[in-house]
1. Work out the FRET efficiency for B:VAL355 and B:ASP193 from their Cβ-Cβ distance, taking R0 = 22 Å, and round it to the nearest 0.05.
2. Taking 0.36 nm per residue of sequence separation and subtracting the Cα-Cα distance, how much length would be gained by fully extending the chain between A:ALA192 and A:HIS147, in nm to one decimal?
3. Enumerate by residue number the trypsin sites (Lys or Arg not before Pro) in region B:174-249 meeting two conditions: DSSP loop (anything except H, G, I, E, B), and at most 12 other Cβ atoms within 10 Å of the site's Cβ.
4. Leaving out same-chain residues fewer than 8 places away, which aspartates and glutamates sit with a Cα under 15 Å from that of B:LYS399?
5. Over chain B, what is the mean sequence separation of C-alpha contacts under 8 Å (at least six apart), divided by residue count, expressed as relative contact order in percent?
6. Which order results if B:VAL189, B:VAL359 are arranged by neighbouring Cβ count within 10 Å, fewest first?
7. Could you list, bin by bin from short to long, the percent of Cα-Cα pairs of chain A in 10 Å steps?
8. For the pair B:ASN93/B:ASN255, report the inter-label distance in nm, with labels modelled 7 Å from Cα in the Cβ direction.
Amino acid sequence: MGASINQIKNMLHITSLHKSYAIGDSSLHVLKGIDLSVETGEMVAIMGSSGSGKSTLLNIIGMLDEADSGTYILDGLPIDDLTEKKAAVYRNKFLGFIFQSFNLINYKSAIENVALPLYYQGLKRKKRLELARFHLGKVGLDAWAEHLPKELSGGQKQRVAIARALAANPKLLLADEPTGALDTKTSHDIMAFIQQLNDEGKTILMVTHEEDIANMCKRIVRLKDGVIIEDTPVDQVRASQYV
Amino acid sequence: MFDLDLWREIFQSINKNRVRSLLSGFTIAFAILLFTVLFGVANGLQNTFNEAFADDATNLISIYTGRTTKAHKGLQAGRRIRLRNQDFDYIDNTFNSKIEHLTARVNRRVQASYKTESNTYPLRAVHPEHQFLEKTILIKGRYINQNDLKALTKVAVIGRLVAEDLFINTEPLGAYINLSGVPYKVVGVFKDDGGDSEERMIYTPVSTAQRIYGNTDYINQIKIGYDPKMSYEAAIAFGNQIKRKLKKRFDVAPNDQRAIRVRNRAEATRNVNAMTVGLSIIILVVGFGTLIAGVVGVSNIMIFIVKERTKEIGIRKALGASPKSIVSIILVEAVLITAIAGYMGLLLGIGILKVAAPVLEDYFIKDPGVSNSLVVGATMLLILAGAIAGYVPAKRASKIKPIIALRND
């Protein structure tokens, strides 16, 4: 198979992925055979109406959820037989998450939130805080390091979350509606930053239902009723032009 | 393994969620407080009981005699039965294997005088083993011994209060006191937990008394300390056996209740013991009930805490927390809160017992308190309870799928 050579260069290779959820006695077939390849350095938007399966797909890629069948290879590493422990290690080492609702721990300061994945990597406290401060600096929140999430604006919270996602230096950045809870201006701010990360070589996968946000990516994958109906490259709109 | 980072995480969690920590702590502290106070009060009640029955040996059978009330074997009613030395020897020989201590007692009242001081006191002429049956505690000198019995020495062991009355600023040991006209050498001074009347008593050898006061071999009373290994039932049967044999020996009708009287401490002790055991069981049930209520309370709080922290757990898992680390962070927090709060409840309970002790004494609760071993045991139990109360919800929390936990708002 010619594809096997590609797989090694591929960041992500998914074939015939299926997922159903049990709802009472019946089951809901959410993903009906997804095939998807993403190469290193890509910035992909996954689009679709609600119920199309886009979030489920992202969760499976993020190892927050498990597929019923199909293969999933991440950077040459087959992701199967996931135990909780193994999934935890993979998530920690390979993946960075950005959520719509930020998901910061509310009683921890910005820098402690950023340092948390490093805690689970087993780094020493001093090293953790050093790295966390560096990444907070990268998102421009150096001065807010000791503040609690409730003292930050929405955009600032999302920046802290991005810093946290970057802290463990993941192979793949997964963003679930990263601008969903933000106003337009802040959204463009955050998108400009994410584009900058992509420019620096990070592979990014993003779920969104906003066309303008999707157009800021390099490729759009459209899902409908659990299958991919369209997969097209796009001319990237730079968010910085709005800022 | 001491993991500083884990502790830092836990202390931060406790410190930043103070209301939650305080609430769960309060429940366990209150349970332990009640537990301690109940146990202390129970101990106090038991102390009162023990003290009430601690004066004399508990394995005691006393034999008295009186007049017959029924005609028997051609003998008239109203005959006076008197114990003699030969009866003492008979009991000694017949029941030797079942007897730990044995003494006769001859009672007299004597006018005791030393120099210018003089007073009347009850005198008990006894065998050496009387000391163990009456739980006489020697302050100084010695008790009556076998030598005194054989040689009919005129020696006296006097009560603490007798010594106080007669020997003002004088050393009683070695002095001679006059007991109703006969000089006795004081060889010992004793005290007795039985109270003042027991300490206003004079002991002399039984043989000496029999010779001096009437030159008879009559005995007023025989006291037997039966083998303490005997069960209450066996001891009661033993007492009845003695009664039967003596009635036969003195030709007393079997149903004559007055001629030969045998008082068996085993009967009273059995009742008291049954009562104390009953009391202990009630206290234990109530105490552990309280503790269990506390544990259940903590479990509920832990379930609530896990629910409240579900989202946090989801975040932690998404960031790479292993199930083990989730369990340990919740479990150690639970154990820590239970241990600290429980210990505080314990201290508070002990404090309350200390403060309330004088008041409680009026209600027959003496020296309420808990032993060190109970304190250690309760603390251990607490830590265990905290661990159990925390483990189940912690384990459940560690199994929540991160995606479900993250959806929880």
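Derivation of every value follows stated rules applied to the coordinates shown; laboratory data play no part. Remember, it's a predicted structure, so these values are computed and weren't measured experimentally. For neighbour counting, all protein chains shown are included, and Cβ atoms are generated from backbone atoms with ideal geometry for every residue, glycine included.
1. Efficiency, from the Cβ-Cβ distance: 0.20.
2. Additional length available on full extension: 13.8 nm.
3. Qualifying residues, ordered by number: B:LYS229.
4. A:ASP65, A:GLU66, A:GLU84, B:GLU312
5. 27
6. Lowest to highest Cβ neighbour count: B:VAL359, B:VAL189.
7. 7, 31, 36, 21, 5, 0
8. If labels sit at B:ASN93 and B:ASN255, their model points lie 3.3 nm apart.
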